[in-house]
Each structure stands twice: as structure tokens, then as C-alpha cells.
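The values are calculated or read from the model by the stated rules, or taken from the named source; none is laboratory data. These numbers were taken from a predicted model, which means no experiment stands behind them. Cβ sites come from the backbone with ideal geometry, for glycine too, and all protein chains shown count toward neighbours. Keep in mind that these areas ignore ligands, DNA and RNA; they rest on the heavy atoms of the full protein, side chains included. Shrake-Rupley method; radii C 1.70, N 1.55, O 1.52, S 1.80 Å.
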Amino acid sequence: MPYQSRLQDPMVDALFDAILTLGDREECYRFFEDLCTIGEIKAMAQRWRVVKMLTDNHTYSDIIQETGVSTATISRVKKCLHYGADGYRIILDRYRKL
């Protein structure tokens, strides 16, 4: 059964279709620098680091010290890892195979 997101609508579909056309890291930098604020990009990068650290069994203290995120952010990421849409897990599995 295909995944049905609560976020799905034509504008979000168009955004994701555009992201899927990105061919390399430079294109990602160019697109996301135009699309997002620096703070938004940094926040997403921090969350991705939290994902990797949580799955490597780092403590909240270690994660806070390395990333500067709040315990609320760590808890939210952890909740998504356990009860979310599996997006983090899908990408993490692919990322670790690189």
C-alpha cells in the first residue's frame, strides 16, 4: 500500500518533483540557498545530525554538546524515528551504504 502523507497536495508534489531533479551537491546548495533561509537549512542539517547520533546510541548530552539543539528537538527526532513515516530510516539506510 503506498504511503499517503497528510501534507500531500499539488504544490508540495511540485516542490518534491523539483527536488528529485537535483543532480549533485552543488545543485542542492544552489536550490536550497534560493529556497530556504540559512537558518532553515542549518536546522535541517542539525536534525539530520541528531538522527545519525541517536541511531549511533549517543546520549542527549553528547548530542546537545555537538549540535547545540534543544532536548525538545532531540525528542521530536527520536519520536519520528520510532513512530514517524520512516523517512529518516529510509534515507539513513541508503546513506550508510555510501
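For Ser75, the accessible area of its heavy atoms, probed at 1.4 Å with every protein chain present, is near 50 square angstrom. Residues considered: Thr67, Thr55, Thr21. Largest GNM mean-square fluctuation over the chain, using C-alpha springs under 10 Å, is found at Thr21. Under the combined filter of DSSP loop state and at most 10 neighbouring Cβ atoms within 10 Å, the stretch 1-86 retains these trypsin sites (Lys or Arg not before Pro): Arg6. Annotation: extensible slack from Gln4 through His82 equals 26.3 nm (criterion: 0.36 nm per residue apart, minus Cα-Cα distance). The mean accessible area for residues of the chain, using a 1.4 Å probe and ignoring ligands and nucleic acids, is 82 Å² per residue.
Counting only protein heavy atoms, what percent of the accessible surface of the chain is carbon or sulfur at a 1.4 Å probe? The nonpolar share, carbon plus sulfur, comes to 56 percent. For the chain, the longest principal axis of the alpha carbon atoms and the long axis of helix 71-83 meet at an angle near 70°. Here log10 I(q)/I(0) by the Debye sum over Cα atoms at q = 0.16, 0.25 Å⁻¹ was computed from the coordinates, and among (1) -0.55, -1.43; (2) -0.87, -1.38; (3) -0.92, -1.21 the match is (2).
Taking Cα centre as origin and charging only the Cβ of basic (Lys, Arg, +1) and acidic (Asp, Glu, -1) residues, the dipole magnitude of the chain rounds to 500 debye. Computed from phi, the 3J(HN,Hα) profile of the stretch 90-98 under the Karplus parametrisation 6.51, -1.76, 1.60 (θ = phi - 60°) reads 4, 6, 4, 4, 5, 4, 6, 8, 5 Hz, with x in place of Gly and Pro. Since only Leu20, Ile64, Gln46 are under comparison, the one whose Cα sits farthest along the positive direction of the charge dipole of the chain, derived from C-beta charges on Lys, Arg, Asp and Glu, is Ile64.
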